[in-house]
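As structure tokens, the structure follows; a few thoughts come after it.
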Amino acid sequence: PLAKRASIRLAECAPYPLVMPEYGTRARELYDEMLGKASVDPTWIVTTTSYEMLRSMARAGLGAAIVRDYLVRWDKTDDVAFIPIRDCAPSVLACCTRTGRDLSGAATAFIENVCELFATLRQRRPRA
């Protein structure tokens with residue numbers, strides 16, 4: 001039923017069993033925090049460190065997976081739907097280097113590529 005919606009609220013995921021990242025991962029900390037703030041007490045069916053496993057279990061209809069949009073946007077198959085959750089705060093990603101340190105060419109290129117990727121994703125992001 002959720003797959004046909006343009007967007008949902010986090011509480012609307014509560015009736016469905018969830019496939020979630022493993023405890024101890026940053027993603028799991030963020031999701032647990034979001035679920036707590038929304039007063040959602042979900043039913044977990046499995047936790048895993050594999051994002052491919054999350055997508056595969058959702059694809060098989062075993063449960064819903066809450067994942068970051070960049071992990072599924074490229075998946076153009078008809079059997080997986082990405083539905084934005086309107087009331088989830090975005091997480092913060094930081095790139096840190098030591099003050100006064102000159103970065104290698106590879107590190108500089110990596111940072112430039114990451115910045116381009118996030119600029120592209122920001123432009124494509126659906127508005128709530």
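Here are a few things to note about the model shown:
- Gyration tensor verdict on the range 1-61 (Cα atoms; rounded if a/c is under 1.5, prolate if a/b is larger than b/c, oblate otherwise): oblate
- Length gained when the stretch Ala81-Thr97 is fully extended (0.36 nm per residue, less Cα-Cα span): 2.1 nm
- Environment charge of Leu35, counting only residues whose C-beta is closer than 14 Å and scoring Lys/Arg +1, Asp/Glu -1: -3
We did not get these values from a lab; they are worked out from the coordinates using the rules stated. This is a predicted model, so every value here is computed, not measured. Please note: Cβ atoms are built from the backbone with ideal geometry, for glycine as well, and neighbour counts cover all protein chains shown.
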